[in-house]
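The next block holds one structure in the form of structure tokens; read it before the comments.
The values are calculated or read from the model by the stated rules, or taken from the named source; none is laboratory data. Fair warning: this is a prediction, and the values are worked out from it, not measured in the lab. Cβ coordinates were reconstructed from backbone atoms using ideal geometry, including for glycine residues, and neighbour counts include every protein chain displayed. All accessible areas refer to the heavy atoms of the entire protein, side chains included, with ligands and DNA or RNA removed. Shrake-Rupley method; radii C 1.70, N 1.55, O 1.52, S 1.80 Å.
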Amino acid sequence: MDLGLKDRVAVVAGASRGLGRATAQALLAEGAKVVAVARASEALASLAAQHPDRCVAFEGDLLDPSLPGQAVQEALRRFGRLDIAVVNTPGPKPLLPLEAGEPDFAAAFDSTFYPAWRQVRAAAEAMKAARWGRIVIVSSTSVKAPKPFLCLSAAARSALWAWAKSAAPELYAQGITINALFAGPHDTDRARQLGVKDKVIGRPDDFGRFVASLCGDATRFITGAGYMLDGGESPAP
């Protein structure tokens, strides 16, 4: 199926590794142009080098409040437009609920909620003029099926999803959709850091292709939707 992504322009956060990199590669494979955002690394540089005419490495720290706006401006400067934003932030540290203190929750929101919120705001502002946009939030199953050791992730990502869901109607009126993917364990560094092993886990390239499938013309009526990608691991809500 032709997703209609040829020459669409995307900003992909966390694009140097894991689910972010897989998503950037999937969009590039569909003919999109990508501003790949991540901290400076050989992995980020190699991604851009593989697609010198269609991929730009944009180095920076997602915790920098100015970065989302700068990445959007880079897309406009290099490619003249912005159509797609893949919102991606680091996960907070694992911690049990009654062990988490106020500073831990503050840090979780600083690293996970606010950077993603800024990415959505910056992208939507650039998409309004064309009245066309696709925003996809990379999230976690902890939103739908909280795990005790991921209580910080559940709190920050649930708040983000509640805000995004609330914003969906206003964005849709401007031609912009916003959806979220609640990812279970995938074969990434993050999963290994959390000790995931000896079980069936997802493939990042499959995840990336699913993101791409939400970014074309045919998904214009899908917004405010959250998708579980966990191989059936989580119980029904």
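A few remarks follow.
- Condition met for residue 48 (part of a helix (DSSP H, G or I) and over 28 Å from residue 157 (Cα atoms)): yes
- Complete set of residues in region 54-67 that are modelled with pLDDT of 95 or more and within 21 Å of residue 28 (Cβ to Cβ): 54, 55, 56, 57, 58, 59, 60
- The lone criterion from (1) surrounded by fewer than 20 Cβ atoms within 10 Å (Cβ to Cβ); (2) within 16 Å of residue 58 (Cα to Cα) left unmet by residue 2 is number (2).
- Residues that are without any contact (Cβ under 8 Å) to a residue 24 or more places away in the chain and either under 16 Å from residue 71 (Cβ atoms) or assigned to a loop (DSSP other than H, G, I, E, B) (or both) within region 29-45 comprise 39, 40, listed in sequence order.
- Residues (of a type outside the set (Gly, Ala, Ser), farther than 16 Å from residue 159 by Cα, open to solvent by less than 20 Å² (accessible area, probe 1.4 Å) and touching a residue at least 60 places away in the same chain (Cβ under 8 Å)) located in region 85-135: 86, 134
- Any hit, region 79-90, residues being in a helix (DSSP H, G or I) and over 18 Å from residue 33 (Cα atoms): no
- On the stretch given as region 153-184, residues that are farther than 16 Å from residue 126 by Cα, of a type in the set (S, T, N, Q) and surrounded by fewer than 17 Cβ atoms within 10 Å (Cβ to Cβ) total 1.
- Filter result for residue 32 (modelled with pLDDT of 95 or more, open to solvent by 30 Å² or more (accessible area, probe 1.4 Å) and over 16 Å from the mean Cα position of the chain (by Cα)): no
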